Protein chains: 2
Amino acid sequence: MNYFSSNFTLGILGGGQLGKMMLYETRKWDIKTQVLDPSAEAPCRIATDYFEQGDLMDFETVYNFGKKVDVLTFEIEGVNVDALEKLENEGIKVYPSAATLRNIQDKGIQKQFYKEHHIPTSPFKVYKDKYELNEAIVRKELHFPFVWKSCTGGYDGKGVSIIRDAEDVIPLSEGACIAEKLIPFKNELAVIVARNPSGEVKTYPVVEMEFHPEANQVEYVICPARIDEAVAKKARAVATKVSEAFEHVGLLAVEMFQTEDNEILVNEVAPRPHNSGHYSIEASYTNQFEQQIRAILDLPLGNTDSKVGGIMVNLVGAEGHTGQVVYKNIEKILAMEGVTPHIYGKKETRPFRKMGHVTIVNKDLNQARRIAEEVKRTIQVIAP
Amino acid sequence: MNYFSSNFTLGILGGGQLGKMMLYETRKWDIKTQVLDPSAEAPCRIATDYFEQGDLMDFETVYNFGKKVDVLTFEIEGVNVDALEKLENEGIKVYPSAATLRNIQDKGIQKQFYKEHHIPTSPFKVYKDKYELNEAIVRKELHFPFVWKSCTGGYDGKGVSIIRDAEDVIPLSEGACIAEKLIPFKNELAVIVARNPSGEVKTYPVVEMEFHPEANQVEYVICPARIDEAVAKKARAVATKVSEAFEHVGLLAVEMFQTEDNEILVNEVAPRPHNSGHYSIEASYTNQFEQQIRAILDLPLGNTDSKVGGIMVNLVGAEGHTGQVVYKNIEKILAMEGVTPHIYGKKETRPFRKMGHVTIVNKDLNQARRIAEEVKRTIQVIAP
């Protein structure tokens, strides 16, 4: 198949920042694209050959969009899987496949999948609604504390809560959920696995999510993770096993816990480019977006090694600010060494909305870490 | 000035590959752009907020286009300078300035400028037309061999000839030209200088153009150049002097000769991102296109150092092939280590047309050089 400057068309469901960064790569290789997104203001509205506004969960919309492309992918899990399945049956290549997405979209099914495939994960139970959950608590089958996760619709920390007492249960949503054992962990790690239809597999180095000591929010994604070589090796092996179990094609971001006794437990996966891989644009030989294109088009996978150490800081809307965004002090961080801001192009900021990210690269990872702290202290996403 | 996700608009005259690669950076920072190009099929037709088809040499077209933007730049020298001047007078920021471009556009004026500013360059004479040139030869004021350059319209090796005898004079064009002394040189080098309106200046490392031993064509651009540190230092100093003499804003690519006795002579300059800086996308902390945006928007300049060694190979149309392009064996070069092809998006190939380039990066420059040779042997730009 000839993808370059040809009539071949890649369809992308979702037109957010992940799609936008994927389009840098399709432009680099002059691959024709079309994008579907519910918002007319989506970051992907330009740089694609054809942009369509429409509902990603609507069967007809996704099906009709998919019929016009040669290969279909997505940058968000919330898409109509029935439509993907029908498209596959009619000969459109869908990567990752509808079957893979079905195993991932619902967190209950995803956890069950790990259990069946002997993939290490924290003990859990699935409840079909809040009524059942409450019952389990009352009957003392389920004990505080535990981690509650909504089976569907979770994103960017939404749909996940640590439940310490009865009070915490009250605000939880009604739908199906899982309760997981709260595991004390030393590190939260992630590995991105790339796999193409021919079965070639490559893993990126292990990254580490460094949390704010008080706010309990991820502050820095650090590559490579500051962990033992043996633990890193184990994490990459577990991630590979997960990718192969799902028969996944494309990128799979595998989020994991390193427990107090150095066990690796799979937390959850995302079948697409991932926030934890953004550092790769500046730091890796092959960035995750190029790798995604290589994987789904069955091209040879690129080198996943890093040229330099990389740290990523999310740019989220400041508390108390809603409206037309301004990136205050961005010119100050541009003067710092090895600093690259990425602006996603959302015009309105809201508290905690992901508006962009900043990558800091340096041959010395400790130096990068110090500059990252300075970046975080300096730039502000506000609506003045 | 707030450039990011704002109403600020950057105008770009010319929509070829250089503009296209500049648009990766404006997308990354969500800077609004508009592009003018004579071709409706220009590589910049997408990824810009607004594309206009029109003649870059037409006063009215350029003037009317420029009136709609806040800052105006160009990715090709062949634009109407009178329109730029009028726009400047009316308060539009034009970078590089009309005055700088006037000193560069005409090679006779450019050479004269070097002489007046004591910038080392090969001895030359300007002739107002071919009649005058012939007369100088007949009167034996001008001796074979010499280098002939058309004062205007030269590009990608066109408009330059080595004249060894009377026979070689016959095909030359009629217009104004210069005759330069043919200087034997060891190396052809280039340095890209970035300068912003505040006067901050940074130079990229010296690159080396490696020629094919028989065809006398540049085959590889190699960064860093394999030359003595003292020569590299001198080359960067000369390039800085050139940039300051022109009071240049933006990127200035300075092409130079290293003579047999290690003198540096300025050959010519390009006031824009340049083929000799393409390696920077993969190899440098700040690629030349991001640097160009930083410079013309008076943002702090980025680090010009390299993360890894970089080599660039041009992808030009194969001889004997005209028509719908195919990049034969591109999947083979994608399997080689550290190899990134860039496809400009021109649908038709013609013999020697620049269709793209390939960057090879590696911590070991010699290894990169070996892979570059393999790349060149493998990929073919054809019309099957």
Hey, got the average number of other protein chain Cβ atoms within 10 angstrom for residues in B:224-235? 0
Neighbouring Cβ atoms within 10 Å as the yardstick, rank B:V126, A:V79 fewest first. B:V126, A:V79
Report the charge-dipole magnitude of the range A:259-374 in Debye, nearest 20, computed about the Cα centre from +1 at each Lys and Arg Cβ and -1 at each Asp and Glu Cβ. 600
If a/c stays under 1.5 just call it rounded; otherwise compare a/b with b/c (prolate if a/b is bigger, oblate if not). Do that for chain B, with a ≥ b ≥ c from the square roots of the Cα gyration tensor eigenvalues. rounded
Calculated FRET value between B:A40 and A:A230, using beta carbons and R₀ = 56 Å, to 0.05: 0.45
When Cβ neighbours within 10 Å are restricted to other protein chains, what is their mean count per residue of peptide B:36-46? 1
Pop the C-beta distance of B:A245 and A:E244 into the FRET formula with R0 = 45 Å and round what comes out to the nearest 0.05. 0.15
Going 7 Å from the Cα of B:N262 in the Cα-to-Cβ direction, what parts of the range B:175-210 have a backbone nitrogen less than 16 Å from that spot? B:186-187
Could you please state, rounded to a whole Å, how far the C-alpha centre of the range A:37-110 is from the C-alpha centre of the range B:229-289? 47
Measuring from a point 7 Å out along Cα→Cβ, what nm distances, shortest first, does A:F352 have to its partners in the other copies? 6.2
Taking the label point as lying 7 angstrom from Cα along the Cα-to-Cβ axis, what are the distances from A:K115 to the corresponding position in the remaining copies, in ascending order and in nanometres? 8.8
Determine the gain in length on full extension of the stretch B:N64-B:E90; use 0.36 nm per residue of separation and subtract their C-alpha separation, reporting nm with one decimal. 8.1 nm
If the only charges are +1 at each Lys and Arg Cβ and -1 at each Asp and Glu Cβ, what is the size of the charge dipole of the protein assembly as shown around the Cα centre, to the nearest 20 debye? 440
Ordering B:300-311, B:367-378 by per-residue average of other C-beta atoms within 10 angstrom, highest first, gives B:300-311, B:367-378
Residues B:F211 and B:L172, FRET efficiency given R0 of 22 Å [Cβ-Cβ distance, rounded to 0.05]: 0.45
Looking at A:N287, A:L72, B:Y95, which one has the Cα that reaches farthest to the positive end of the dipole of the protein assembly as shown (charges on Cβ: Lys, Arg +1; Asp, Glu -1)? A:N287
Magnitude of the Cβ-charge dipole of chain B, K/R +1 and D/E -1, about the Cα centre, nearest 20 debye? 520
At 7 angstrom along the Cα-to-beta-carbon line, where would the label on B:E52 sit relative to the other copies? Give the distances in nm, shortest first. 3.3
What is the average number of partner chain Cβ atoms found within 10 Å of a Cβ in A:350-360? 1
Could you grab the relative contact order for chain A? Cα pairs under 8 Å, six or more apart, rounded to a whole percent. 12
Cross-link reach from B:K332 to lysines, straight Cα distance under 24 Å and at least 8 residues apart if same chain, gives A:K28, A:K32, A:K93, A:K202, A:K307, B:K346, B:K347, B:K354, B:K363, B:K376
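We did not get these values from a lab; they are worked out from the coordinates using the rules stated. Remember, it's a predicted structure, so these values are computed and weren't measured experimentally. Cβ sites come from the backbone with ideal geometry, for glycine too, and all protein chains shown count toward neighbours.
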